[in-house]
Structures are given as structure tokens and as C-alpha cells.
Amino acid sequence: MFPTYLRRYAELLLKQGINLHSDQALLISGEAEHSELAEAIAEVARELKAGSVTIVLQDPLRAAEWISKDDCFEARVQYRRLLNSIDPIVRVGGAHISLRGMSHPVLFQSLSEEHPEAFAAYMEGYDEARQVFRRFGINAGRCPWLVASAPTHGWAKQVFPNLGVEDALTALWDDVFEITGVKDDAFLEHAKQVDEQLHERAQFLNGLKIEGLHIFGGGSDFHIKLSDQARWGGGSKETIHGQSFQANIPSFEAFTTPDARTANGKLVMSRPFLAQDVLVEDLSLEFESGRVVHFDASSGVEMFERLLALDEGASRIGEVALVGLDSPIAQRKRMYCHTLLDENARCHIALGSAYISQIAQGRQLNTDQLTAIGVNRSLHHTDMMFSSDKTGVVAHTFDGRYVPIIRNGNWVQEE
């Protein structure tokens with residue numbers, strides 16, 4: 001059944017994900033081990049009469065070779081081909097599918113510690129490519145885009161360490177197929193139903209007119225405010241050209257752009273997460289006037305310190321997202337060591353850049369106007385998960401009400 005499910009997964013990414021139009025250019029990026037999925041997507045895209053299909057797959061072992069030689073120049077240009085492919089996609093309003101799943105999960109952990117300067121140069125090249133697409137493709141609303149999971153042998157062994165390599169990969173693919181619904185013959189209809197539920201949750205939150213959030217439980221006691229122009233989103237959205245698309249598959253979150261200047265208190269992460277390909281575990285953050293002023297972690301400390309120092313907005317929050325324990329990913333009670341899956345199992349924040357799309361008329365505002373309402377800017381956007389069955393989230397509305405949203409990790413609206 002694997003070929004059938006892989007084909008359905010490719011269809012899901014193209015039809016429900018980026019909603020590929022005929023004659024639209026498509027860029028597929030990822031790692032070398034993603035080639036089977038990338039080719040499956042390309043095949044379906046050609047059947048849908050895509051204008052052009054470009055596949056750019058990075059080889060992490062080649063990058064690691066240059067980093068281990070402390071060759072900062074060669075390390076930095078490893079993402080040059082991706083950058084050169086992004087430019088024309090943005091120019092013509094093409095679509096971009098980014099496949100995520102590390103084939104060598106611990107490779108960069110050691111390299112970042114042993115060759116920090118070359119690794120930093122490598123990440124600068126990655127950030128440059130990502131920032132071009134984020135600024136001109138995502139925030140400007142020119143391009144439909146999608147982040148999707150792509151299982152690899154190395155990643156699978158992280159998730160299923162007690163299985164053999166091939167059995168682990170089969171098990172991980174099986175989870176991805178289950179979570180995304182492609183085992184169901186009516187998988188596209190299933191995806192539309194999930195999308196409708198996410199829109200309903202966002203509509204509920206927008207209807208509250210939330211001024212601030214109080215997050216508590218599990219060691220957290222944290223407050224953050226929203227501007228009156230902040231909007232909650234969930235599920236599919238549209239480009240400036242009116243093309244509907246879904247940016248993440250799977251997705252079970254309702255998210256918004258907070259006022260980055262107003263974060264105060266302690267927030268304890270409930271899951272490990274990746275910061276520039278390095279695993280950070282047992283993180284707790286303390287905020288004052290919007291900034292991280294102290295943190296503790298059991299691993300990934302040096303990388304997290306570098307992340308916070310990356311630029312002016314690196315230590316401020318760009319996103320707050322709510323996810324209930326009804327999420328199919330949460331229900332599996334598994335740690336995936338993969339941002340897309342883990343962030344859709346738990347409520348989370350992102351340090352770094354904010355989504356202008358979650359500000360009313362955000363694309364019409366200039367930089368000074370966005371800054372004036374607390375929209376954060378940074379070269380990075382790093383998600384980290386904080387909720388558990390002990391977590392509560394209460395909204396304080398502009399009209400003075402206190403409304404429970406999350407109780408014991410679940411949506412109060414749906415209790």
C-alpha cells in the first residue's frame with residue numbers, strides 16, 4: 001500500500017496544501033533522502049499541468065564536510081542553489097513546497113559545538129535563503145507555500161529507537177499517513193473538514209477580541225498582550241492574488257501575532273525542539289518587557305545562546321499558537337523531534353519573526369507602523385512547545401472579560 005499512500009500524500013500536498021494552479025511554477029526543496037517523495041510530488045504536479053517543476057535537494061553530508069574543514073565560504077554557499085531557485089519563484093508568484101525531515105539528526109549537533117564559526121556561516125546561508133522567501137513570498141503574500149513532513153531513516157530511528165532501520169522508517173511513514181488522513185479513501189474530504197474546524201476555532205478567538213493571554217500550569221506563569229489589530233488564523237488562507245493554500249500539513253493550530261514588547265513571566269517548554277538543527281531540551285524561559293532575560297536548558301545551551309544573540313528581535317516572541325490535546329499528533333503520545341509535527345501536538349510560541357498576515361491590513365503597513373504595534377522582526381523563527389495536560393490559557397478581552405480558552409491542555413470551547 002505504500003505507493004498508493006505516497007501518491008495520495010503527494011496529491012494532498014498539491015491540492016489541499018498549495019492548491020497548485022495550472023501553468024504555475026513549483027519549487028520543491030528538501031534533503032537528498034527526500035527524493036522519492038519529491039519525485040512523487042513532481043509527477044502529480046506535471047499531471048496537474050504545472051508551469052515548471054524545480055527540485056532542489058541539499059546534501060547534509062557535503063555541507064558537513066565543509067563545516068568540518070572550517071571552510072566558512074563553502075559552508076555558507078551550500079544553500080546558494082536554493083536561493084537562486086527561490087528568486088524566480090517569488091518573481092512569478094510560484095509555489096514552494098519545503099520538505100522537512102533530517103536524514104542525519106545528530107550530525108549538526110556536534111558540528112555546531114566543534115566548528116562553531118563554520119557552522120554559523122552555514123546557517124547564515126540557510127537564513128539568507130529562508131529570509132528572502134519569508135519577506136517577499138510569505139509576508140508579502142505573493143506565493144502559496146507549504147511545509148510538509150518527509151520521513152528519513154535517521155529521523156525514523158530517533159522516533160523508534162527500538163526498531164530496525166527499515167522497520168522504523170515504515171513505522172514513521174505509517175504515522176505520517178495516519179496523521180494526514182491519506183489512509184482514508186476520502187482523504188481530500190477529510191482534509192477539508194479539518195480545515196473547516198480550524199477556521200471555526202480562529203473565528204471564535206477573533207470574536208472574543210482578545211487583549212492579552214495568561215498561560216499557567218506546568219511551571220509556567222506568563223502574560224502577553226495582543227494589539228487590537230492582531231488576528232487569529234488557522235487552516236487555509238489566501239495569497240494577495242486570491243489563491244487559497246494551507247501552509248502546514250498537518251496543521252491543528254490557531255495562531256496569532258502578539259505584541260512582542262509585552263511578554264512577562266516564566267514559560268516552561270514541555271517538549272524538546274530544534275533550534276537551527278540542534279536539539280534543545282528542558283528549556284525554561286524568563287521574560288521581562290518582551291525579552292528573554294534568563295533561560296535554563298539541559299542540552300543545546302550554546303546554540304540557544306547564539307540564537308538569542310542573532311539580532312535585535314531574536315529574543316522576542318513573534319507567534320503564539322494554541323493546540324488542543326485532541327490533535328491526532330497529541331493523541332499518539334509520541335515525541336517526533338520534528339518541529340512541524342511536535343508544534344501541532346502542543347500549544348507553542350515562536351521566538352523571532354512574526355507573521356504580518358496575522359495583522360489586520362498588515363501588508364499595507366510600513367515597518368515603523370508594524371513596530372509601533374509590537375510586530376517582531378528577526379532573521380529566525382523558532383517554534384517551541386509549552387503545553388501539557390496541566391496547562392491553562394485564559395484570555396483577557398478588550399471589554400474586560402476573562403475567558404478560559406485552554407483547560408488542562410484541551411479546548412474549553414469543545415468540552
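Below, the figures for the structure above:
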{"quantity": "Odd one out for residue 375 among (1) on the phi > 0 side of the Ramachandran plot; (2) buried (at least 16 other Cβ atoms within 10 Å of the Cβ)", "calculated": "(1)"}
{"quantity": "Of the criteria (1) in the same structural domain as residue 363 (by TED's automatic domain parsing); (2) crowded, with 16+ Cβ neighbours inside 10 Å; (3) under 17 Å from residue 258 (Cα atoms), which one residue 228 fails", "calculated": "(2)"}
{"quantity": "Among the candidates 342, 368, 311, 296, residue that is surrounded by fewer than 23 Cβ atoms within 10 Å (Cβ to Cβ) and in contact (Cβ under 8 Å) with a residue 60 or more places away in the chain", "calculated": "311"}
{"quantity": "Subset of segment 11-27 [out of contact with any strand residue (DSSP E or B) (no Cβ under 9 Å at 6 or more places or on another chain) and either surrounded by 24 or more Cβ atoms within 10 Å (Cβ to Cβ) or not assigned by TED's automatic domain parsing to the domain that holds residue 175 (or both)]", "calculated": "none"}
{"quantity": "Contacts under 8 angstrom Cβ, first residue in segment 97-111 being of a type in the set (Ser, Thr, Tyr), partner part of a strand (DSSP E or B), 6 or more apart", "calculated": "98/29; 98/30; 98/145; 98/146; 98/147; 98/148; 103/31"}
{"quantity": "Boolean, residue 157 is part of a loop (DSSP other than H, G, I, E, B) and either modelled with pLDDT under 95 or among the basic types (Lys, Arg) (or both)", "calculated": "no"}
{"quantity": "Selection count, segment 205-227, where residues are closer than 23 Å to residue 291 by Cβ and either at pLDDT below 95 or in a loop (DSSP other than H, G, I, E, B) (or both)", "calculated": "4"}
{"quantity": "Selection status of residue 252, modelled with pLDDT of 95 or more, crowded, with 22+ Cβ neighbours inside 10 Å and among the aromatic types (Phe, Trp, Tyr)", "calculated": "yes"}
{"quantity": "Options 164, 137, 219, 154: the member that is without any contact (Cβ under 8 Å) to a residue 24 or more places away in the chain and of a type in the set (Gly, Ala, Ser)", "calculated": "164"}
{"quantity": "So residue 67, is it over 16 Å from residue 128 (Cβ atoms) and not hydroxyl-bearing (Ser, Thr, Tyr)", "calculated": "yes"}
{"quantity": "Any hit, segment 51-68, residues being hydroxyl-bearing (Ser, Thr, Tyr), in a helix (DSSP H, G or I), assigned by TED's automatic domain parsing to the domain that holds residue 103 and closer than 20 Å to residue 156 by Cβ", "calculated": "no"}
{"quantity": "Residue match in segment 362-377 (condition: assigned to a strand (DSSP E or B) and among the small types (Gly, Ala, Ser))", "calculated": "no"}
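A quick yes/no check of all residues on (1) β-branched (Val, Ile, Thr); (2) more than 30 Å from residue 117 (Cβ to Cβ); (3) at pLDDT below 90; (4) buried (at least 18 other Cβ atoms within 10 Å of the Cβ):
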position: 34; (1), (2), (3), (4): no, no, no, yes
position: 52; (1), (2), (3), (4): no, yes, no, no
position: 55; (1), (2), (3), (4): yes, yes, no, yes
position: 61; (1), (2), (3), (4): no, no, no, no
position: 77; (1), (2), (3), (4): yes, no, yes, no
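The values are calculated or read from the model by the stated rules, or taken from the named source; none is laboratory data. For clarity, every value in this text was computed on a predicted model and none was experimentally measured. With ideal geometry, Cβ positions are generated from the backbone for all residues, glycine too; neighbour counts draw on all protein chains shown.
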